[in-house]
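Any read-out appearing in this document is the output of simple, stated calculations on the displayed coordinates, not a laboratory observation. This is a predicted model, so every value here is computed, not measured. Neighbour counts are summed over all protein chains in view; Cβ atoms, including those assigned to glycine, are modelled from backbone coordinates with ideal geometry.
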Amino acid sequence: MKYIILLVALVMIGWSSGKKKDFDIKAAQKNLVKVKENLYASKTEVSNFQYVSFLNYLKQTNQTEKYNSAKIDSTKWREGMSHNEPFVTYYHSHPALREYPVVNISYEGATLFCQWLTDTYSKSENRKFKKVLFRLPKEEEWVSAAKGGNPAAIYPWEGNDLRNKKGTPRCNFIRDKDDTMGTASIQNDGAEITALVVCYEPNKFGLYNMSGNVAEMLLEKGKTKGGSWLDTEEAMKIDGTGKFSTYNSPSPTIGFRYFMEIIESN
């Protein structure tokens, strides 16, 4: 019942009443921040809207094989979480959830999404760089981005606390094995499962949700970093691991963010 209430509340926010904006490469590029020489990272985890735009492109261009490899398996919401049944139908398609992180996708799907960004960028006459490669990050690249320029950082924010001075949670995670709503639920911000891709405080580089929300895929297949909404406190540490740090199939706890490597600047 609480998840149906969440959906209704999100609709009332008003996203479903606004005009739909098409996702394009300019939006993807604007969402990038520099994390080291010749390497940029997306400020946010890839959203439902971004990923579904990619799937629609595959449909429109009759790339059936790629579509079948990249499509979302929304039935994964049922695995061990029968109370999430409404999300099987609504999570990836409802306008109110378009700015939530995409989950339940394969490594191959995330890789194909990055290839799509690379191809689209290369065709843009107004691109900033001559040649780039969008891809998933290597583990050391992800860690460097999460630290935000502070080699001693334990979390993607200043200090060693999971709440700021005002008592507000700094990320979306599970308090203990019996809690399925995450710390953020105390603040009534709607993060009973995942949270908005722009949520909580960004790190010094301007990256959101480097800890919590969804565990993020790495370039090495089957591995993630950052912990998820269903991981405990220890997994929120940059160097920590969680129960979803390894995987072999799509999951409601796993998503990704794209990085952009500069191959030729001009």
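Observations on the structure shown:
- Full extension of the segment from Val88 to Val52, taken as 0.36 nm per residue of separation minus the current Cα-Cα distance, would add 11.4 nm.
- Protection-proxy order for peptides 126-133, 256-263, each taking the mean of Cβ atoms within 10 Å per residue, highest first: 256-263, 126-133
- Full-stretch length increase - Lys243, Glu65 - with 0.36 nm per residue and alpha-carbon distance subtracted: 60.9 nm
- Residue separation of Ser265 and Glu139 scaled by 0.36 nm, minus their Cα-Cα distance, works out to 43.0 nm of gained length.
- GluC sites (Glu not before Pro) restricted to DSSP loop in the stretch 93-158 with at most 16 other C-beta within 10 Å: Glu125, Glu158
- Take 112-123, 228-239 and order them by the average number of nearby Cβ atoms within 10 Å per residue, most first; the result is 228-239, 112-123.
- Shape call, the stretch 100-152: gyration tensor on alpha carbons, a/c limit 1.5: oblate
- FRET efficiency estimate (nearest 0.05) - Cβ-Cβ, Glu234 to Asn150, R0 22 angstrom: 0.65
- At an R0 of 51 angstrom, the distance between the Cβ atoms of Lys36 and Glu79 translates into a FRET efficiency of 0.85.
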